[in-house]
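Worksheet: the structure to be examined is printed underneath.
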Amino acid sequence: MQIVRIQTNIRAADVPEKLEQDVSYGLSVVMEMPSDKFVVIVEPAVRIRIGFEAKETTVAVVQFQTTRPSPRTENDIYAKKLTSILCDQLKLDSSRIFISFDFRDAKSFATQGKTIASLYE
């Protein structure tokens, strides 16, 4: 299971309708997984400031949680794909997209009232 949470200070009205679909499809291709294994959450209009800048700067902060461990080289591929999609869809400069990758054990995620680990026992 992969959960992608995208927080941005872009207004909801300016976030394209198909952003979630494009993110899940794009990641499913590079990760070679079905797109239904991705949960994409977009939280627009979040108040975000970078450092001590006097004004709010348009950014996206992404938390990518996965039960699939991956080396740095794979994370680089995922970061490149996510950045490309967000630059295109949200019209952001790549320097304004911040991504964190969090590996979680399958016993740390649950759906259908069971952990992912117990679903595959």
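The values are calculated or read from the model by the stated rules, or taken from the named source; none is laboratory data. Computed from a predicted model, the values in this text were never measured in an experiment. Cβ coordinates were reconstructed from backbone atoms using ideal geometry, including for glycine residues, and neighbour counts include every protein chain displayed.
Take segment 107-121 and flag every residue that is in a loop (DSSP other than H, G, I, E, B) and among the small types (Gly, Ala, Ser). Walk me through how you get there before you give the answer.
From segment 107-121, those in a loop (DSSP other than H, G, I, E, B) are 109, 112-113, 120-121; that's our starting set.
113, the sole residue that qualifies.
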query = Can you name the residue in segment 27-39 that is surrounded by 19 or more Cβ atoms within 10 Å (Cβ to Cβ) and under 12 Å from the mean Cα position of the chain (by Cα) and is also farthest from residue 107 (Cα to Cα) among such residues?
reply = 27
inquiry  = Please go through segment 70-106 and give me each residue that is hydrophobic (A, V, I, L, M, F, W, C), touching a helix residue (DSSP H, G or I) at 6+ places or on another chain (Cβ under 7 Å), under 15 Å from residue 9 (Cα atoms) and part of a helix (DSSP H, G or I), ordered by number.
reply    = 87
message = Need the failing condition index for residue 65 against (1) polar (S, T, N, Q); (2) surrounded by 17 or more Cβ atoms within 10 Å (Cβ to Cβ); (3) not in a strand (DSSP E or B), just the number.
response = (3)
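Residue-wise test of (1) under 30 Å from residue 107 (Cβ atoms); (2) not polar (S, T, N, Q).
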| residue | (1), (2) |
| --- | --- |
| 47 | no, yes |
| 62 | yes, yes |
| 65 | yes, no |
| 73 | yes, no |
| 81 | yes, yes |
| 88 | no, yes |
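Within segment 1-52, restricting attention to residues that are of a type in the set (S, T, N, Q) and within 14 Å of residue 64 (Cβ to Cβ), which residue is modelled with the lowest pLDDT?
Residues of segment 1-52 of a type in the set (S, T, N, Q): 2, 7-9, 21, 24, 28, 35.
The next check asks that each one be within 14 Å of residue 64 (Cβ to Cβ); those that pass are 2, 7, 24, 28.
Numbers: 2: 89, 7: 95, 24: 95, 28: 94.
Ranking the candidates gives 2 first.
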